[in-house]
Structures are given as structure tokens and as C-alpha cells.
Amino acid sequence: HPIALENLEEDLSPDSARVLRQQLFDKAITIAANEDNSLPLKNITEKKTASVSIDAKGYSDFQKYVYQFADINSFAIPNESKELLQSYLDTLSSYEQVIIDLHGMSRLASKDYGISSNTLAFIETLSKRTKMILVLFGSPYSLKYFDAQKSVIVAYEDNDASNLSAANVLFGGLPALGRLPV
């Protein structure tokens, strides 16, 4: 017999399951690098700050949560577009700090975890021009591409719960209790 799809997600995900999922992500978010001791962000209004979402298909949920903490300029850039990424370098270099949230990642090493060479080059170049905080919404194995980054948060998955938890950890609303599993 066919299964009725109406309200299926709600029927299978009661409020208690959503609360538990949020609690799990609240405890999982990991600060993988904090070399300059800049995390969590403090005195955000004193620094000219930008938020850049790469490959979130527009502005990310993470940016919406960040905006609740601070009124900062936000940008959304596709992962594949080298020209578009390059065009943002000069604009973003004028900021004292830039928060980059990387979405659309893959679990597969054979696909470079879904991170294009254009995105890697963009992040590397931008990090040489301004202070950068990188938030990865994907596999912690992808950290091998970001050894030079001084501030990195790993959120493990790209969903509403991880986006909220990562923003809270970034601004000190939650402690970073997670540990890298690899």
C-alpha cells in the first residue's frame, strides 16, 4: 500500500526529537583552530565585519542567525564561479574580519569534499589580506585543505540545527564542547 506523504516529516519528527537534535548539535560544534584566540567573537561592532556564504544557494541560515548577533554586511557567492569569487576579493579585503561559511560540501574525498579549487584559492588569498573565520558545514576530513587558517569552526552537517549551533558558538552564546572525531 502506498504511504500517505502528508505531514510525514512532522509525524516522524515530534518536537522532542527536534529538541534532542538541537541539543546534540549544540554539543558537537567544534573549534578546530583558534590560533589568534579570536573565538568566540567579542566586540563585533568595533570591527568592520562581513559574512560570506559560499554555495548555500543564496544567503544561508547561518547568516540569518549571525545577523541576530550583529548587524554586518552579508554576501552570497556560488562555489564554482572563479570570476565571481575573484571580483569579491577587493571588496572583502577592506573588512577587518570576514566570516566565511562553506556549504554544499560532500562526504566524499574523491570529490574533494565538494570544495572547488576556485573556492580554495579564494579562501587562501582572502586569508592573506584580512582576518578570516571559516565555518565548515561538512566533513572534518576537509580540514586538510585549511591548515593555514587560524580560526576554523566545524559544524559537521548543513542543516538548521547545525547552522544555529555554529552561530551560537561563534558569538559565545554556547561553549564549543565538540572534539574532532578524526
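The values are calculated or read from the model by the stated rules, or taken from the named source; none is laboratory data. Just so it is clear, the structure is predicted and the values come from calculations on it, not from any experiment. Here the Cβ positions follow ideal geometry from the backbone for every residue, glycine too, while neighbour counts run over all protein chains shown. These area figures cover heavy atoms from the full protein model, side chains too; ligands, DNA and RNA do not enter into them. Shrake-Rupley method; radii C 1.70, N 1.55, O 1.52, S 1.80 Å.
Taking H placed 1.01 Å from N in the peptide plane, check which residues at least 5 places from residue 74 or on another chain put their amide H under 5 Å from its amide H.
HN-HN under 5 Å from residue 74: 51.
I'd like the carbon and sulfur percentage of the solvent accessible area for segment 25-75, probe radius 1.4 Å, heavy atoms only, ligands and nucleic acids excluded. Present the calculation step by step, with values, prior to reporting the outcome.
Working: 1260 of 2760 Å².
Of the solvent-accessible surface of segment 25-75, carbon and sulfur hold 46 percent.
Please list 3J(HN,Hα) in residue order for segment 53-62, calculated via the Karplus relation 6.51 cos²θ - 1.76 cosθ + 1.60 where θ = phi - 60°; whole Hz, with x for glycine and proline.
9, 9, 6, 9, 6, x, 5, 8, 4, 4
From the Cα gyration tensor of segment 53-104, with a ≥ b ≥ c the square roots of its eigenvalues, which class applies: rounded if a/c is under 1.5, or else prolate if a/b is larger than b/c, or else oblate? The partial results should precede the final answer.
Values: a/c = 2.63, a/b = 1.20, b/c = 2.19.
Oblate, since a/c reaches 1.5 and b/c is not below a/b.
Quick one: dipole size for the chain, taken about the Cα centre, charges +1 on Lys/Arg Cβ and -1 on Asp/Glu Cβ, in debye to the nearest 20.
Working: 17 positive and 23 negative charges, 131 e Å.
Using only the charged Cβ atoms, the result is roughly 640 debye.
Where both partners of a DSSP beta bridge lie in segment 1-156, what percent of those bridges are antiparallel, to the nearest 5? Present the calculation step by step, with values, prior to reporting the outcome.
Values: 4 of 24 bridges.
Around 15 percent antiparallel, to the nearest 5.
Name the residues whose placed amide hydrogens come within less than 5 Å of the amide hydrogen of residue 171, ignoring near sequence neighbours (fewer than 5 apart) on the same chain.
41
For a quick check: with amide H placed at 1.01 Å from N, whose amide H comes under 5 Å from residue 100's, ignoring anything fewer than 5 positions away on the same chain?
Amide H neighbours of residue 100: 52, 133, 134, 135.
Please find the FRET efficiency linking residue 21 to residue 64, where r is the Cβ-Cβ separation and R0 is fixed at 25 Å, and quote it to the nearest 0.05.
Details: r = 18 Å, r/R0 = 0.74.
Calculated transfer efficiency: 0.85.
Compute the distance from the alpha-carbon center of segment 104-141 to that of segment 65-85, in whole Å.
So the two Cα centres are separated by 14 Å.
So, in nm, how far is label residue 91 from label residue 13 when the simple model puts each one 7 Å beyond its Cα toward the Cβ?
Calculated label separation equals 3.2 nm.
Enumerate the calculated ³J(HN,Hα) couplings along segment 150-157 in order (Karplus 6.51 cos²θ - 1.76 cosθ + 1.60, θ = phi - 60°), each rounded to whole Hz, writing x wherever the residue is Gly or Pro.
Once θ is set to phi - 60°, the couplings for segment 150-157 become 8, 9, 9, 10, 10, 9, 6, 9 Hz.
If you look for lysine pairs in segment 1-121 that are eight or more places apart or on different chains, how many of them have Cα atoms under 23 Å apart? Intermediate values should be presented prior to the final figure.
Values: 27/42; 27/64; 42/64; 47/64; 48/64; 57/82; 57/111; 82/111.
Qualifying lysine pairs in segment 1-121: 8.
Treating the beta-carbon of each Lys and Arg as +1 and of each Asp and Glu as -1, no other charges, what is the dipole magnitude of segment 55-140 about its Cα centre, to the nearest 20 debye? Could you put the intermediate results ahead of the total?
Numbers: 8 positive and 10 negative charges, 35 e Å.
That gives a dipole near 160 debye.
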